[in-house]
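Encoded as structure tokens, the structure appears first; notes follow it.
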Amino acid sequence: MAEITLEKIVSLCKRRGFIFQSSEIYGGLNGAYDYGPLGVELKNNIRDFWWKEMTRLHDDIVGLDSSILMHPRVWEASGHVQNFSDPMVDCKQCKARFRSDQIDLAAPCPNCGTRDSFTEPRNFNLMFSTHIGAASDASSKIYLRPETAQGIYADFKNVVSSSRVKVPFGIAQVGKSFRNEITTKHFIFRSCEFEQMEMQWFCTPGTDEKWFAYWKEQRMAFYHKIGIRPSRLRWHQHGADELAFYAKDAYDIQYLFPMGWQELEGVHNRTDYDLSQHQSFSGKDMTYLDPVSGERYIPYVVETSAGLTRTVLMALSDAYEEETLEGGDVRTVLRFHPLIAPITVAVLPLVKKDGLAEVARELEKDLRDEFATFYDESGAIGRRYRRMDEIGTPYCVTVDYQSLEDKTVTLRHRDTMEQVRVSITDLVASIKGATASYTRGGSEA
Ligand code: ATP
């Protein structure tokens with residue numbers, strides 16, 4: 001089995017239009033990425049599936065889209081101004097910057113090899129700051145949000161008073177976050193601009209442990225539903241050295257990336273810390289009046305905080321396979337679950353002539369309402385299948401001469417490469433059925 005490296009995934013992402021380095025024509029910008037035609041579809045599919053799972057399938061979770069720019073006091077209340085920093089050293093020789101907890105300070109600089117060239121470690125705040133309005137003094141300083149969660153806490157009262165939610169309930173949000181990471185590494189894994197999918201669950205103190213267990217289970221199940229191999233997912237409980245002082249318990253979901261086990265999502269019991277902080281910094285009442293018991297209290301929060309762009313990298317890493325076929329040929333295949341594949345169905349005429357192209361084009365248009373489709377008539381049919389395998393298209397529909405006679409087509413399944421003859425009238429149902437019962441095929445299933 002060929003080793004799957006991050007370099008292979010990066011190269012496929014660029015070659016096939018999943019992900020590009022930002023501003024590449026100017027030499028690139030570190031820690032920023034562009035999602036190309038296929039990447040944006042993959043990312044949106046994961047986001048939409050998360051949104052459906054976390055809001056529409058729960059009548060007690062509502063959505064929110066809060067702004068990236070917030071009042072600077074928010075980040076004082078949250079602790080980010082004080083504490084959201086990493087220890088950093090600079091090499092005096094080459095000016096390269098490192099996290100001092102990630103390198104051996106007694107060793108030569110990993111970049112230029114100079115000895116004893118590091119500055120003293122100092123704390124480096126990860127928030128990007130900017131100025132709002134025309135003046136650019138200390139009073140106009142604001143931050144780009146480093147997480148989406150604070151927007152949810154700040155709007156807690158607005159949501160309670162404007163919608164019919166009752167504790168326990170959740171607020172979900174997907175959006176961009178920014179962190180001035182000292183070392184951006186591993187492609188999109190750790191970037192300066194990224195997207196998060198967060199849900200904050202507000203519950204009565206005393207019920208938090210029950211809900212914590214519930215959300216842990218739900219969140220792991222989510223990754224199984226989008227087809228990630230369970231053997232590559234695990235829980236990591238925060239030890240005493242990692243646990244935030246206010247947190248009661250915290251677990252991370254980790255995935256076995258090509259560079260090893262790494263965090264993907266955090267499920268944290270944050271107690272009443274965040275709402276209490278905002279109450280004391282804003283002077284506004286953040287309590288909740290329980291309509292049944294008549295009690296007034298600050299709810300506890302169980303947070304589920306996932307990286308959307310990091311999930312994209314996980315989906316790519318998990319799907320990527322180089323499969324040796326009978327005869328020795330190797331095909332690169334992305335075994336995406338059909339629910340998240342950028343293109344669900346490709347429609348291909350066997351040849352362009354004799355009216356096959358016209359029938360295929362018409363069929364592709366008919367399928368657009370139901371699926372993300374793609375039409376391709378150029379090149380030998382085998383090469384067209386390989387192109388679709390490489391971008392993870394689960395189904396190829398081929399129109400051939402028999403189609404003109406009996407209105408049937410072949411339906412090719414990516415994982416098994418098996419082709420079955422299906423009547424055009426049954427095509428939508430066949431594809432939906434195959435998606436509903438999908439299990440990953442292939443050598444590493
Ligand atoms: P790490 O320890 O990896 O820096 P964290 O513990 O600071 O992450 P959280 O603040 O808990 O991360 O953020 C929740 C999720 O947001 C992470 O699990 C990850 O998926 C995502 N995330 C955080 N920082 C980044 C980043 N720089 N680039 C991409 N995704 C990120």
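Between Ala96 and Arg368, residue separation times 0.36 nm minus the direct Cα-Cα distance comes to 92.9 nm. The residues neighbouring Arg296, those whose beta-carbon lies less than 11 Å from its own, together hold a net charge of -3 under the Lys/Arg +1, Asp/Glu -1 convention.
With all protein chains in place and ligands, DNA and RNA left out, the 1.4 Å accessible area ranks Thr416, Thr408, Thr425 as Thr425, Thr416, Thr408, largest first. Placing Glu3, Glu195 in order of accessible area, with the largest value first and a 1.4 Å probe, yields Glu3, Glu195. Over the chain, the pair-distance histogram of Cα-Cα distances with 20 Å bins from zero comes to 21, 48, 26, 4 percent, rounded to whole numbers. Once backbone amide H atoms are built at 1.01 Å from N, Asn180 has Met127, Phe128 as its partners under 5 Å, excluding neighbours fewer than 5 places away on the same chain. Helix 6-16 and the longest principal axis of the Cα set of the chain meet at an angle near 60°.
Principal-axis analysis of the Cα atoms of the chain puts helix 356-367 at an angle of about 30° to the longest axis. In this structure the amide hydrogen of Val399, modeled in the peptide plane, comes within under 5 Å of the amide hydrogens of Leu348, Leu350, none closer than 5 places in sequence on its chain. The antiparallel fraction among DSSP beta bridges confined to the chain stands at about 85%. Across the range 146-160, coupling constants 3J(HN,Hα) worked out from phi with the 6.51/-1.76/1.60 Karplus curve, θ = phi - 60°, read x, 7, 8, 4, 5, x, 5, 5, 5, 9, 3, 5, 4, 5, 4 Hz, and Gly and Pro carry x. Checking Cβ-Cβ separations below 4.7 Å across the chain identifies Cys13, Cys192, Cys203, Cys396 as cysteines lacking any candidate disulfide partner. The residues of the chain present an accessible area of 47 Å² per residue when probed at 1.4 Å with all protein chains retained. For the range 225-290, applying the loop criterion from DSSP together with a ceiling of 12 other beta carbons within 10 Å to the trypsin sites (Lys or Arg not before Pro) yields Lys284. Think of it as helices only: each DSSP H run of n ≥ 4 in the chain is worth -39500 (n - 2.57), and spread over all residues that comes to -8500 deg cm²/dmol at 222 nm.
Listed cross-link partners Lys8/Lys216; Lys8/Lys141; Lys157/Lys225; Lys157/Lys216; Lys43/Lys166 are compared with a 30 Å cut-off, the Cα-Cα value being larger for Lys8/Lys216; Lys8/Lys141; Lys157/Lys225; Lys43/Lys166.
3J(HN,Hα) along the range 301-307, derived from phi through the Karplus expression 6.51 cos²θ - 1.76 cosθ + 1.60 where θ = phi - 60°, amounts to 10, 9, 9, 10, 10, 10, x Hz, with x in place of Gly and Pro. Backbone geometry of the range 263-271 corresponds, through the Karplus equation with coefficients 6.51, -1.76 and 1.60 at θ = phi - 60°, to 3J(HN,Hα) couplings of 5, 10, 8, x, 10, 10, 9, 8, 6 Hz, x marking Gly and Pro. Among Arg383, Arg296, the order of accessible area from largest down is Arg383, Arg296, computed with a 1.4 Å probe on protein heavy atoms. With a ≥ b ≥ c the root eigenvalues of the C-alpha gyration tensor of the range 84-233, is it rounded (a/c under 1.5), prolate (a/b larger than b/c) or oblate? Oblate shape, in that a/c is at least 1.5 and b/c is the bigger or equal ratio.
Once the Cβ-Cβ distance of Val420 and Ala32 is raised to the sixth power relative to R0 = 60 Å, the FRET efficiency obtained is 0.85. Principal-axis analysis of the Cα atoms of the chain puts helix 427-436 at an angle of about 40° to the longest axis.
What value in Å³ per residue do you get for the convex hull of the alpha-carbon atoms in the range 353-445? Let's see the in-between values first.
Values: hull volume 9.1 nm³, N = 93.
Per residue, the Cα convex hull of the range 353-445 comes to 98 Å³.
The values are calculated or read from the model by the stated rules, or taken from the named source; none is laboratory data. None of these values were measured; they are calculated from a predicted model. Note that each Cβ is placed from the backbone with ideal geometry, even for glycine, and that neighbours are counted across all protein chains shown. The area values use the complete protein model at the heavy-atom level, side chains included, leaving out ligands, DNA and RNA. Shrake-Rupley method; radii C 1.70, N 1.55, O 1.52, S 1.80 Å.
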